[in-house]
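A.B. asks: For reference, the structure I am asking about is given below.
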């Protein structure tokens, strides 16, 4: 089993739709969690950190469930510019970062 | 803004050549990382460093070495390039002390082709 798993996608959704991505991780000692966004042929960029209480940044909401070792990202009112690959990233205390394989999103006009 | 720069965006080398990929960050980050990214395989960690002159193997270190002589600079070395090392190479840095890491910032990547 891979340490970080994600829905592979691709997710093709119309503009204005709400879309949710899931991510599971296997190391119960994981400490920090992030969602990154990667555009085609570009480097990953931090979208948001994920906190235990859940957090929201505009149209984006991230949730963490430590008991189930599950992270989610919800995008409301999708825009064409949201089209990208979304990477779930887990960091284990004192160790390195582990990236999920990514979920590709295409928002269609 | 954190800036991570890589020496080349595109590089073409021949099989057997020694290849140096340079990465520089300007935010005084303790931690630096080298990844490669291939279609269908995602990002895979090659080497990382938590301090000057310190290095740790990642998941796929074979065929690579690294050097960190200064805090801001982390070099990836392909001792004898092979065609299976054709890939996108991404450098990243993060702050973090006492083992706790914060988010990573990535450079623009170097697309290396080995012929």
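What follows draws every value from the coordinates through simple rules; no lab data is involved. Everything quoted here is computed from the prediction, not taken from an experiment. With ideal geometry, Cβ positions are generated from the backbone for all residues, glycine too; neighbour counts draw on all protein chains shown.
A.B. asks: If you take the C-alpha gyration tensor of the stretch A:68-109, multiply each eigenvalue by 5 and take the square root, what semi-axes do you get, largest first, in whole Å?
C.D. replies: Ellipsoid half-lengths, sorted descending, are 26, 11, 8 Å.
A.B. asks: For all pairs of alpha-carbon atoms in chain A, what percent lies in each bin of width 10 Å, listed from the first bin to the last filled one?
C.D. replies: Reading the bins upward from 0: 15, 50, 29, 6, 0.
A.B. asks: Can you sort A:25, B:35, B:102 by how many other beta carbons sit within 10 Å, fewest first?
C.D. replies: Going from sparsest to densest Cβ surroundings: B:102, A:25, B:35.
A.B. asks: Can I ask one more? Go ahead and set up a Gaussian network model of chain B, Cα springs under 10 Å, then flag whichever of B:40, B:58, B:16 fluctuates most.
C.D. replies: B:40
A.B. asks: So what is the relative contact order for chain B, in percent, with contacts set as C-alpha pairs under 8 Å and at least six apart?
C.D. replies: Value for chain B: 36 percent.
A.B. asks: Provide B:91, A:40, A:23 in ascending order of the number of other Cβ atoms located within 10 Å of each residue's Cβ, fewest first.
C.D. replies: A:40, A:23, B:91
A.B. asks: Please report the orientation-averaged projected area of the protein assembly as shown, defined via the convex hull of its C-alpha atoms, in nm².
C.D. replies: The orientation-averaged projected area of the Cα hull of the protein assembly as shown comes to 12.5 nm².
A.B. asks: Right, another one. Got the relative contact order for chain A handy, in percent, Cα pairs under 8 Å and 6 or more residues apart?
C.D. replies: Computed over chain A, the figure is 38 percent.
A.B. asks: Let me ask something else. Once you treat every alpha carbon in chain B as an equal point and sum by Debye, what is log10 I(q)/I(0) at q = 0.11, 0.19 Å⁻¹?
C.D. replies: Cα-only, vacuum Debye calculation for chain B: -0.32, -0.94.
A.B. asks: Taking only the alpha-carbon atoms of the stretch A:1-55, what semi-axes of the equivalent ellipsoid follow from 5 times the gyration tensor eigenvalues under a square root, in whole Å, largest first?
C.D. replies: Equivalent-ellipsoid dimensions as semi-axes: 22, 14, 14 Å.
A.B. asks: At what distance in angstrom do the alpha carbon centres of the stretch B:57-76 and the stretch A:28-84 lie from each other?
C.D. replies: The two parts, judged by their Cα centres, are 29 Å apart.
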